[in-house]
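Worksheet for the structure shown next.
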Amino acid sequence: WQNFIGSDPIQSGALVSFANAAKVGCDSQVTIRYGVSYVSAAQACANAEEEIGPNWDFAAVEAASRSQWNEKLNRIVLSPNTTDEVARLFYSSMYRSFLSPNNATLEAPFPTKTSYFDGLYCT
């Protein structure tokens, strides 16, 4: 464990804004991709490049993502007695747990033998 309080600022975060596309006569659809890292902004960019690559096609990424989602979701079969409300809650929770997967132990910013599982408790 390392105390970063009072140390130099660490680069993080994002601020994105767009003009109202409808007002300027443009297509109002915006396509983005992002990377996540507990180490650095540079590592977040590297993670995004590794996961999707620099020459990506939205339709191909969407199809691959849909296939991966179906593979995960089809592992679970709910009882026929499960109410719609419980099923909706279950699948919503499962969706959120897979929404932004990360491996917090892979990118420890300092040498450690202790796993860091904060994401486990925050999901």
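The values are calculated or read from the model by the stated rules, or taken from the named source; none is laboratory data. If you're wondering where the values come from, they're calculated on a predicted model, not measured in any experiment. Reconstructed Cβ throughout: ideal geometry from the backbone, glycine too, with neighbour counts over all protein chains shown.
Numbers at a glance
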read-out	value
Answer residue from region 72-87, given it is assigned to a helix (DSSP H, G or I) and at pLDDT 90 or above and is nearest to TYR34 (Cα to Cα) among those	ALA87
Pairs with Cβ under 8 Å, 6+ apart, first in region 42-53 and more than 16 Å from ILE32 (Cα to Cα) and modelled with pLDDT under 85, second surrounded by 13 or more Cβ atoms within 10 Å (Cβ to Cβ) and not acidic (Asp, Glu)	GLN43/GLY35; GLN43/SER37
In region 34-67, the residues that are under 15 Å from LEU99 (Cβ atoms), small (Gly, Ala, Ser) and part of a helix (DSSP H, G or I)	SER65
Selection count, region 7-39, where residues are at pLDDT 75 or above and either out of contact with any Phe, Trp or Tyr (no Cβ under 9 Å at 6 or more places or on another chain) or of a type in the set (Asp, Glu) (or both)	5
Those residues of region 34-66 which are loosely packed, with under 10 Cβ neighbours inside 10 Å and small (Gly, Ala, Ser), in sequence order	ALA59
